[in-house]
Structure formats: structure tokens, C-alpha cells
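Here is the structure we will look at.
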Amino acid sequence: MAADQTAATLLASEALTKNFGGVLAVNDLSLEVREGEITAIIGPNGSGKTTFFNLIMHLYDATSGQILFGGERRNLLDLPTHKINAQGLARTFQTLRLFPNLTVLENVLIAMSSHVNAGFLSALVKPKSLRQQDKDAEEKALETLSMFGARLISMCNEPASSLSYANRRRLEIARCVASQPRLILLDEPVAGMNPTETRGVIEDIQRIHEKGHTVLLIEHDMKLVEGVAHRVFAFDHGTKIAEGSFRDVSTHPAVIEAYLGKRAARH
Amino acid sequence: MPEVDFIDTQVAREDTRTLAEKARDRLALGGCQVALFAAFLVGIALEDAILVTGFLLFIVAGAVGWGRMPKLNSWARNHLARDKRFAQLVLLALLVLFPFVFLDNPYLIHLGALAAIFAIMALGLNITLGFCGLLDVGFAVYFAAGAYASSQLAVIFDVSFWIGLPIGGLTAAFFGFLVAWPALRVSDHYLALVTLGYGLIMNLLHRNFTFLTHGTDGVINIPPPSIFGWDFVTPIEIGDLELPFQMNFYFLALIITVLTVFVSIRLRDSNLGRQWEAIREDEVAARCFGVNVRRLKIIAFSTGAFFGGIGGAVFAHMIGFVHPDNFVLLTSIMILAMVIIGGMGNIAGVVVGAVALTLIPERLREFEDLRMLLFGGALVLIMIYRPQGLFPNSRRRRELQAEKINTLIAESGRDDAEAPGLPDEVKV
């Protein structure tokens, strides 16, 4: 899988630092995610991967540094969380965060409609144009759900809480795709899945990529990373310790040391 | 948050019933409604202490039993869903009929009006708590704001009730906004405590800001609403029959309740309502998908408060007297209990909760000191056996076309080897 060296930078973190009361969760982190690639972040637990995602969505305030997005290099840390999705970013969560009592379809609809028309008057009057808009949104939502074959769409009127674990993860991905982002952030998309299901998710990620979304994912499952990632970043102690193709990174001494300790790295 | 249960409806597409079947279904449905209503009438007309206790036990047993009979439950729900319009019309007819049954007992009509006023307020709190998941334990603040604003406008400035009513609502909405702005930095239990404190402080102000509220003297001589010179305390006469003037207030409150129900339904089914529910379900996820949580929470708070104020304004002009004792912590808790016992988020449930919690304590007056003990006992029993409320929140299923979904599946071109066998017809 050759990475396209000429691709433009979509997301750039510059000297990003997050200090949790003395613990440096992210430490002077600089990296660039290229448009059109699937990029993976690996690293031991506590190395700052999820914190990095939370900083991108501005769920945390950074201690210092910038996160620049898109051609206009907008600093995401200047935007409130609810405006980041509209910039073209959507994420999944390591611990699932669906809307459990809303239906599968409604879960997707939220992602599509949150920046349009939450008006009070239009809710009361319910003009014709709005009804048409609702119908169109519903159709598009169903189309997005059909990305996973029958699995989600056949449950579209059931509460999200009634889905199986793997399908909940799929719904999280569908919800991201529905918001039409340029960059999709996947936080451990196959955590807790069996090998068959993992293979399915690999296909799904490639499918999303083919649709033109750039993907940045955090994953511990090396099979998945090897299978999909064009480029890999390895994190340790909140900073990037290696970067490159999966092969380069997985044999990098610093990465082996981070996972297995100093002695293993010497061999 | 309460578990939401889902209505089993194969509704929507086409009504394939023959005329005879339709008539039979509607007769059964209407019959059940009339029977339930008759039981309700008997219940509120009871005077004897032992009979009242018996009736109360009957209600609790009914509420508990209802939850234990899922078959009966889904039967009723299916019937209701199929003939929704019809059921609504029957219910409305029965509610219009109600005061005519008690022409010789105007007190009961007055209670009916009071129940409707509390239903308006409970529906308001339902927007804040049921839709958006924000626990507000100071709802009496908005009740008071509406009552004081509209009554003082009428008493001091001679402003008509019809102008005072919306101003009362808006004043209350402002008080909702006032606490929401700072309080929404915190959530859950902390928010409950902040609103609790707000309610206590405001009640102290009601007692001490005498230039605005007349303190513990209360606002007196509040004029009744009037239309074209006819005021609401003048009984309407039809031929020889003189209808008690309480009926005027009953119908006023009923109309406003129906409007509030309509607004609640529209809000719930709108984009706004869906975003509120998203906040209730998972605030972080909602924010990450573009929901402006802070703004929507403030809207939810103010909208809920608005209806609290509307209820307050009607209350003030009906009773003709406003006193700080009307707006104590117990009032807030009663309104909260109406929403929780009825079923958070369920509009019909909340109205039933409001009616029950207004009427039951009144009917228990025979017991004097034992009144609150019995009432509390009934609440405990219901919460033990029906923690999700009498009518749990239910999701509206969308009417989707099975064919379209099946086409979409086929087009997706995925043969899901490990997916469970597809149902022949997709459930919609």
C-alpha cells in the first residue's frame, strides 16, 4: 500500500500538549494526517491516543499547541465542540456512546440534522418544506445504514440498545458517515470483536475510504492496522515515537521498547 | 434514565379492515374509554372514607397489574394506534362531558380545572425533564412568576387577563432562563441542588419583596378573566339551567391543556425534540455530532418554565388570590412527582399523573391528618412496582416502506455470511 506522498495535509497537530494536573497525557505532539489516507495510531495504553482524539473534538482544552484542519488551516481548539462536526470531522468512541433509547434510524438522523433547523417556530408550524426535508433526510439515513447490508437497516426502527455489540460499533461508524465528514476518527473500532467481525470491519473501513473519507484510527489490533493503514504513528508517553509504513513502525526499536521494554529492543 | 419501551405497531401502511371490523374495533375501544371514565367519575365522587381507600387501592393494583399484563398492554396499544383519531375524539368528548355530570357539585368541577392547570405545568416540566433530561426541583418558581406577573398586572395596571397570560408565561420563561444560564454548567444531581436552592431563595423573595408580591398578605382581589364584558364568574344560563361558573374556568384550563399537549407533541417530533433527546441520552456524543447542547438546554429550561407560568397565570385568576405558600418546595416536588409517576417523556402519562396527583390528595381530605400518610404510601407502592411510571415513554415508530428497505439491502451488495438469517419481510 503505497502512501501518496503528494497528498495535502488535512489535519495537523502542532506542538500539542495536554497536562492533567502534572500528568502529561499529550506531550509536544506534532503530526500530520494526509487527505485521502487511512492513518493509524498505535501505542500502549495510556500513551495519549484517546486524549488526542478528545483534543481534536475539543472535549478538552489543550494546555498549549494547535490542531489545524483543512486547507484553510483552521485551529480546532478555537471552536466549541458542537461546531467541529460541521467543519468536517466525526468520531466514534472507544466506549460506545450511542443514544440508546433512540431508534437506530434516529441515531443516524441526529448526525445529519444537528446543524440545520432546530428552530422553535418551524417545529410548531411544521411547514411543508420541512416535511420534505425530513423525508429526504430519512431516505439518506437509510442509504447510509444500507452500507452494512441488512444488519442495521433491518433494525432501523428498534432502539439502539437492542443491537448486538458488533452492530452497535457499526452504528457508530454509520452515524459518522452520515454526517458527511472529510475526516473520520475511529477509536478502537474492533475492540472486543472476534476475528470474523474484525475482518468485516476492515472491509467497512476500506469501503469508507473508497467513498472519499480520510480515516484516522486508534487500534490495538495489529492485523487491522496492517490490513488497512497507509501510514502509522506510534505513540508513547503522549508523544510520537515513530512514523511510517506499518512495517517500518512495527520494527522500529523505539516502538518495540515501548511495548516490550528495553531488553527486547536490544535483540 | 428510564427504559423506553417500544410500541408494537404494524400500523401505518394501509388500513385493510372492512367497515364492520372497523366499527367493531372502535366500539370496543370507545367502550373501554367510557368504562374507564365512568370508573374515574365514581372514584372522584366518592365521599366515604373507606370507599375512598378502597378506590385508591384499586388504582394502585390496576397500575401494577397493567404492567404485569404485556398482552393486554400491546392489545390496547395496537388498538389505540390504529384508531388514534377516534380515541382522541372520544376522550375529548368525555372531558367536555365531565362538568355536566357534576352540575350540582361545582367543587368537583373546580378540582377538574385545578387538575388541568397542574397538567399544563407538568407538561412544561416534562419538556425540561422528560425530553431533555434536566432535573428541575424548583418548578414552583415559574408557577409563581406567572401567577404574580399576570395578577399584579391585572390588579395594579388593570391589564386584561388575555394579555397577562402570555406575559405571565414569558416572565416565567425569563426566570427559567435566569437560572439555566449559570446552572447549566453543572448537571445531574448538582443541577437538582442548584434548582432546589433557586426555589428556596425565590420563595423567600416572594415573602419579602413586599412591593412586588405583597409578601404574606398575598395579592388579593384578582379580577377574573373576561371576554367582551362577560366575566368568568358569571354563570352561563341555558334556558332554565344555570351552569356553575366553575365550568368557565374548567373549559379555559382544558383548552389551554389541549394546546399545551399539541405543542408538546410537535416539539417532541421535531428536529429540536430529537436533539433534546440526544442530549438526554448522551451529552458528549450529542455535542460531537453538532448539537449545541448549552443553547438547547437553555431553550428546554425556558420552554418548560413558560408553561409553568401559563399555569400560574390561569391559577391566579381562577382562585383570585396568590400567596407565597402556594409556591413552596412541596409544590415543586408535587409537579415533579406528576411527571415521574405519569412517565417521564410520555405526554399522555404526564397528564394522567397530574390529574391523579391533584385529585387523590383532595379526595383523601376525609382522613385529615392521615391524608399525607396515605398519599405517600400510594406513591411508594407505585414507585416500587412501576418505577418507569404509569405510562413509560414510548417511541414513535416511523412509517417506512418495506420494499424500499429491501431494495437498499439488495443494492448494498453485501452477502452477510455471518449475519443472522434475514427475516422474510423486514420489520418496519
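A few notes on this one:
- Within the accessible area of the stretch B:15-397 (1.4 Å probe), percent carbon and sulfur: 70
- Buried area at the A:B interface is about 4800 square angstrom, summed over both chains, from accessible surfaces computed with a 1.4 angstrom probe.
- Inter-chain shielding of A:128-139 (mean C-beta neighbours from other protein chains, 10 Å cut-off): 1
- Placing R0 at 25 angstrom, the Cβ-Cβ distance between residue B:174 and residue B:328 gives a FRET efficiency of 0.70 after rounding to 0.05.
- 0 to 90° range, to nearest 10: angle between helix B:49-68 axis and chain B longest Cα axis: 20
- In range of the label at residue A:19: residues from the stretch A:48-89 whose backbone nitrogen is under 11 Å from the point 7 Å along Cα→Cβ: A:63-64
- Convex hull of the protein assembly as shown built on C-alpha atoms - directionally averaged projected area, nm²: 37.1
- Per residue, the convex hull volume that the Cα atoms of the stretch A:100-180 enclose (Å³): 89
- Over the C-alpha atoms of chain B, the Rg to Rh ratio, Rh being the Kirkwood estimate, stands at 1.00.
- Look at where the Cα atoms of the stretch A:180-225 and of the stretch A:39-94 average out, and the two centres are 18 Å apart.
- Packing rank of B:114-120, B:190-196, A:85-91, where each peptide gets the mean count of other beta carbons within 10 Å, highest leading: B:114-120, A:85-91, B:190-196
- Springs join every pair of Cα atoms under 10 Å in this Gaussian network model of chain B, and among B:173, B:81, B:410 the largest mean-square fluctuation is at B:410.
- Legend: calculated FRET efficiency, residue B:407 to residue B:366, from the Cβ-Cβ distance at R0 = 56 Å, rounded to 0.05, equals 0.30.
- Chain B: calculated mean residue ellipticity at 222 nm from DSSP helix runs of at least 4, using -39500 (n - 2.57): -22500 deg cm²/dmol
- Note on chain A: the C-alpha convex hull projects to 15.9 nm² when averaged across all orientations.
- With the highest mean first, a sort of the peptides A:241-249, B:348-356 on other beta-carbon atoms found within 10 angstrom per residue produces B:348-356, A:241-249.
- Flagged links, alpha-carbon separation over 23 Å, of B:22/B:84; A:126/B:84; A:135/B:71; A:18/A:49; A:18/A:240: A:135/B:71
- Modelled spin labels at residue B:321 and residue B:24, positioned 7 Å past Cα toward Cβ, are 5.8 nm from each other.
- Using C-alpha pairs under 8 Å with a sequence gap of at least 6, the mean separation divided by the residue count of the stretch B:193-316 gives a relative contact order of 11 percent.
- Shielding of A:81-92 by partner chains, average beta-carbon count, 10 Å: 4
- Calculated FRET efficiency for the pair residue A:143/residue B:193, C-beta based, R₀ 56 Å, to 0.05: 0.75
- Between residue A:257 and residue B:208, the simple label model (points 7 Å from Cα in the Cβ direction) yields a spacing of 6.7 nm.
- Residues of the stretch A:156-195 whose accessible area (probe 1.4 Å, heavy atoms of protein chains only) drops by at least 20 Å² once all protein chains are present, relative to their chain alone: A:156, A:157, A:158, A:159, A:175.
- Counting Cβ atoms of other protein chains within 10 Å of each Cβ in A:48-60 and taking the mean gives 1.
- Here the gap between residue B:75 and residue B:41, fully extended at 0.36 nm per residue and compared with their Cα-Cα distance, gives a gain of 9.8 nm.
- Rolling a 1.4 Å probe over the heavy atoms of the protein chains gives the stretch A:144-267 an accessible area of 40 Å² per residue.
- With both labels modelled 7 Å from their Cα along Cα-to-Cβ, the residue A:248 to residue A:199 distance reads 3.1 nm.
- Highest to lowest packing among A:39-47, A:144-152, B:90-98, B:178-186, scored as the average C-beta count within 10 Å: A:144-152, A:39-47, B:178-186, B:90-98
The values are calculated or read from the model by the stated rules, or taken from the named source; none is laboratory data. Just so you know, these numbers come straight off a predicted model, no measurement behind them. Cβ atoms come from the backbone with ideal geometry, glycine included; neighbour counts cover every protein chain shown. Side chains included, ligands, DNA and RNA excluded: accessible areas come from the protein's heavy atoms. Shrake-Rupley method; radii C 1.70, N 1.55, O 1.52, S 1.80 Å.
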